[in-house]
Amino acid sequence: MNGSQAMTIREGQHLWTPSEAFANASNIAQYQRWLATERDLQFADYETLHRWSVTETAAFWASIWDYFDVQSSTPYEQVIDQRKMPGAKWFQGSRVNYAEHLLRHEALARPGETVFHHLTENRPLQQMSWQELGRQVRILATRLRAMGVVPGDRVVSYMPNVPETAVAMIATVAVGAVWSSAAPEFGVKTVIDRFSQIAPKVMFACDGYRFGGKNFSRLAEVQDIAGKLPSLQTLVWLPYLDADSKATVPVAGAITWDSLMAHADVPRASFVFERVPYDHPIWVVFSSGTTGLPKPIVHSHVGVLLEHLKLMHFHINLRPGAPMFFYSTTGWMMWNLLIAALVAGAPAVLYDGSPMHPGPDFLWKLAADTRCVSFGASPTFVQMMEKAGLVPGTAYDLSALESVLVAGSPSTPETFDWFYRSVKQDLWVTSQSGGTEICSGFVGAVPTLPVYAGEIQARMLGMDVQAWNDDGHAVIDEVGELMVMTPFPSMPLYFWNDEGDRRYRDSYFAQYPGVWRHGDYIKINRRGGCYIYGRSDSTLNRYGVRIGTAEIYRCVEQLPEIADSLIVCCELAGGRYFMPMFVQLKAGQPLDEKLRDKIAAKLRSDCSPRHVPDQLYAVDLIPYTLTGKKMELPVRKILMGWAPEKAVSRDAMMQPAAIDWFIKFTQDNKEMLTG
């Protein structure tokens, strides 16, 4: 293995095929054998199984319910009342609790069996057992009830990625309250923009966090946030940054975490989970809010439960004792999915801190130390690894690693190739794409299928995804809008405080009533593989031809001189277009005529003349959201004259100062941009 020997990799090039033993042992293969035995249903391949799952919607989701023996106080009356979006009702008559299923493995776990491996920049690597997790959840859930928390009350968190946050989430859901979370690196405005919409009764908060070797106090922020939430009745305080400062609480009357945990244990046999109706909310997750007030998206217990049982078992292939890691903060829905590993009896690896501290290989050391089976990160993280010249496969024992999950933004063929060159050759490298709106994926991985460079293996079971052209027709081997044709359980119940579902309908159903338009560009090939080409609302319009930004980034960021890039297209007066590209250069590299010509030549040869930008500009930083997405739309709005405070929320940015260059650029070039 030699990570330095990069070769030209073609989109769709075959990279890996699962062994017969791996495929046959997979959860989805076991499910297919169950379908044959219990339902007399046999499928020649994944494509026919998928087709059945979206044409026989009720039969498919009923099989998921039965296969995983979902626990309900009452039987459901019907799987789905109507194949209508929005508005379909799932499993009416049932009463389930998602947290109960997260903790289901506790009864089967060996004494001391690990449920969480956890590490932060100021806590060493430790383990929590299933029994200890269950004990803490039952104590906290009982205390929440004693505080007067009842089903439907909102409980929020301003906490890092540590076991206490997971305990708080599971306990909240266990009593039927509604969970919502913001990461402690979020600024006050970002948190208030979210939590003020849902009027929480209880908030869990910490004194700060540590990132990149530096401490960041959040005492003042917690005081400010609590003061701006008039509905707040109780603050639960975790002295995380300074564990010895237990006497320091930011708000009078706050309850410390340790004082809650000091209460008597609650026996598992006597604890009662609040089983709730089919339309009871489990949590509120928020859109990024980079260009407006974040959308408060509400999911149901039963919808999330069915979706996560399917996702974690069939598309991520988790199993008891096989740890899953994904680098995420508590402000991103990927944290919810990381905790969802528990529905498969799998341990989750929790890490809070910088992925590059104390060195760029740190997360690979964590993967080795925890014997990680599934490792997840964003494509941006992979690019950092490659540019740092890392070869984790030779530096660490990754023999337990079976799969890699790349999510958060489109993956390139080079991303896939790097894993095979630098990590290991027998590896199921997967990419998935979905969204906060569904707390899952539309397209993703299948352990029985081959891996092709840059290609998402398939449309997920139960997800009736098509690519539509401008005429509203489904197309194959062409880039089109990602459309979903039939309902699925983890669709939002609604947006919080969205009278008449107006904002919900405008977000996904305005252009094509009854069909979910997700806002991504996708290509589906004849073998069922999928490619995501970025957001359709940030697509470039070049002389009437649509161009996805992902293909431009893939091309330009292969150049050794380029650290990062961003491109937008602005519509100007008189029907003109201006397509500038902004590049972040490697240290000491000038943007001279030689490099400008090199960039243009590569785009022209690898893509087309239409892909060549009108102008190139060097910037210090490319702006990203806190979840690692390039901020194309806010930059485009600023260039087109929007007031910066209307175009972007700084608190939703990874490095807020990165947007300042674009604001000044717009001011200095107003005549060019508006003339």
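The values are calculated or read from the model by the stated rules, or taken from the named source; none is laboratory data. Quick caveat: nothing in here was measured; it's all calculated off a predicted structure. Don't worry about glycine lacking a Cβ; one is built from the backbone with ideal geometry, like all the others, and counts go over all protein chains shown. Ligands, DNA and RNA are stripped out before the accessible areas are found, and what is left, the full protein with its side chains, is counted by its heavy atoms. Shrake-Rupley method; radii C 1.70, N 1.55, O 1.52, S 1.80 Å.
In region 409-442, the qualifying residues are those that are in a strand (DSSP E or B) and over 13 Å from the mean Cα position of the chain (by Cα), and the one that is modelled with the lowest pLDDT is Thr430.
For His117, indicate whether it is modelled with pLDDT of 95 or more, open to solvent by 10 Å² or more (accessible area, probe 1.4 Å) and not in a helix (DSSP H, G or I). For His117, the condition - modelled with pLDDT of 95 or more, open to solvent by 10 Å² or more (accessible area, probe 1.4 Å) and not in a helix (DSSP H, G or I) - is met. The number of residues in region 150-159 that are surrounded by fewer than 22 Cβ atoms within 10 Å (Cβ to Cβ) and closer than 22 Å to Thr330 by Cα comes to 2. Exactly one residue out of Val475, Val404 is within 23 Å of the chain's Cα centre (by Cα) and not polar (S, T, N, Q): that is Val404. When you look at Ile192, is it in contact with a His (Cβ under 7 Å, 6 or more places away or on another chain) and either more than 27 Å from Ala367 (Cβ to Cβ) or surrounded by fewer than 22 Cβ atoms within 10 Å (Cβ to Cβ) (or both), yes or no? So Ile192 fails the test. Screening Ser399, Ser378 for residues that are open to solvent by 20 Å² or more (accessible area, probe 1.4 Å) and out of contact with any Ser or Thr (no Cβ under 9 Å at 6 or more places or on another chain) leaves exactly one candidate, Ser399.
Is it the case that some residue within region 561-580 is at pLDDT 80 or above, within 17 Å of Leu482 (Cα to Cα) and within 27 Å of the chain's Cα centre (by Cα)? Taking every residue of region 561-580 in turn, none turns out to be at pLDDT 80 or above, within 17 Å of Leu482 (Cα to Cα) and within 27 Å of the chain's Cα centre (by Cα). Of the residues making up region 331-346, those that are assigned to a loop (DSSP other than H, G, I, E, B) and open to solvent by 10 Å² or more (accessible area, probe 1.4 Å) are Gly331, Trp332. Being among the aromatic types (Phe, Trp, Tyr), modelled with pLDDT of 95 or more, closer than 25 Å to Tyr494 by Cα and crowded, with 20+ Cβ neighbours inside 10 Å is the requirement here; does Trp130 meet it? Taking the combined requirement at face value, the residue does not satisfy it.
Taken over region 182-203, the residue count meeting the criterion of being assigned to a strand (DSSP E or B) and touching a Phe, Trp or Tyr at 6+ places or on another chain (Cβ under 7 Å) is 2. Touching a Pro at 6+ places or on another chain (Cβ under 7 Å), part of a helix (DSSP H, G or I) and crowded, with 24+ Cβ neighbours inside 10 Å - does that describe any residue in region 320-330? Within region 320-330, none of the residues are touching a Pro at 6+ places or on another chain (Cβ under 7 Å), part of a helix (DSSP H, G or I) and crowded, with 24+ Cβ neighbours inside 10 Å. May I ask you to verify whether Ala44 is surrounded by fewer than 17 Cβ atoms within 10 Å (Cβ to Cβ), aliphatic (A, V, I, L, M) and touching a helix residue (DSSP H, G or I) at 6+ places or on another chain (Cβ under 9 Å)? No. Scanning region 101-114 for residues that are open to solvent by 30 Å² or more (accessible area, probe 1.4 Å) and part of a helix (DSSP H, G or I) yields a count of 2. For Phe273, the conditions (1) open to solvent by less than 10 Å² (accessible area, probe 1.4 Å); (2) assigned to a loop (DSSP other than H, G, I, E, B) all hold with the exception of (1). Just to be sure before I move on: is Gln136 within 27 Å of Leu318 (Cα to Cα), surrounded by fewer than 20 Cβ atoms within 10 Å (Cβ to Cβ) and not hydrophobic (A, V, I, L, M, F, W, C) in the structure I sent? In short, no. Filtering region 14-41 to residues that are surrounded by 15 or more Cβ atoms within 10 Å (Cβ to Cβ) and under 27 Å from Glu402 (Cα atoms) leaves Leu15, Trp16, Pro18, Phe22, Ala23, Ser26, Asn27, Ile28, Ala29, Tyr31, Gln32, Leu35. Consider region 438-477 and keep the residues that are in contact with a His (Cβ under 8 Å, 6 or more places away or on another chain) and open to solvent by 30 Å² or more (accessible area, probe 1.4 Å). The one that is nearest to Phe43 (Cα to Cα) is Arg459. Counting only residues that are of a type in the set (A, V, I, L, M, F, W, C) and within 31 Å of the chain's Cα centre (by Cα), region 588-639 holds 12 of them. Quick check on Val349: is it open to solvent by less than 10 Å² (accessible area, probe 1.4 Å), of a type in the set (A, V, I, L, M, F, W, C) and under 30 Å from Tyr31 (Cα atoms)? Answer is yes for this residue. Glu77 fulfils the conditions (1) over 29 Å from Met261 (Cα atoms); (2) surrounded by 15 or more Cβ atoms within 10 Å (Cβ to Cβ); (3) free of Cβ contacts under 8 Å to residues at least 60 places away in the same chain except for a single criterion, (2).
When restricted to residues that are touching a residue at least 24 places away in the same chain (Cβ under 8 Å), of a type outside the set (A, V, I, L, M) and open to solvent by 10 Å² or more (accessible area, probe 1.4 Å), region 87-100 contains 6.
On the given criteria, is Ser354 in contact with a Gly (Cβ under 9 Å, 6 or more places away or on another chain), open to solvent by less than 20 Å² (accessible area, probe 1.4 Å), modelled with pLDDT under 95 and part of a loop (DSSP other than H, G, I, E, B)? Considered against the rule, which asks whether it is in contact with a Gly (Cβ under 9 Å, 6 or more places away or on another chain), open to solvent by less than 20 Å² (accessible area, probe 1.4 Å), modelled with pLDDT under 95 and part of a loop (DSSP other than H, G, I, E, B), Ser354 comes out as yes. Of all residues in region 493-518, those that are touching a residue at least 24 places away in the same chain (Cβ under 8 Å) and under 23 Å from Pro200 (Cβ atoms) have Cβ atoms under 8 Å from Cβ atoms of residues that are of a type in the set (Lys, Arg) and part of a helix (DSSP H, G or I), 6 or more apart or on another chain, in Phe495/Arg503.
For Asp69, the requirement of being crowded, with 19+ Cβ neighbours inside 10 Å and among the acidic types (Asp, Glu) is not met.
Would you confirm whether or not region 139-149 contains a residue that is closer than 21 Å to Pro320 by Cβ and buried (at least 21 other Cβ atoms within 10 Å of the Cβ)? No, that holds for no residue. For region 1-80, the helices (runs of 4 or more DSSP H) that sit wholly inside it and include 2 or more residues that are of a type in the set (A, V, I, L, M, F, W, C), under 30 Å from Thr394 (Cβ atoms) and at pLDDT 95 or above are 20-25.
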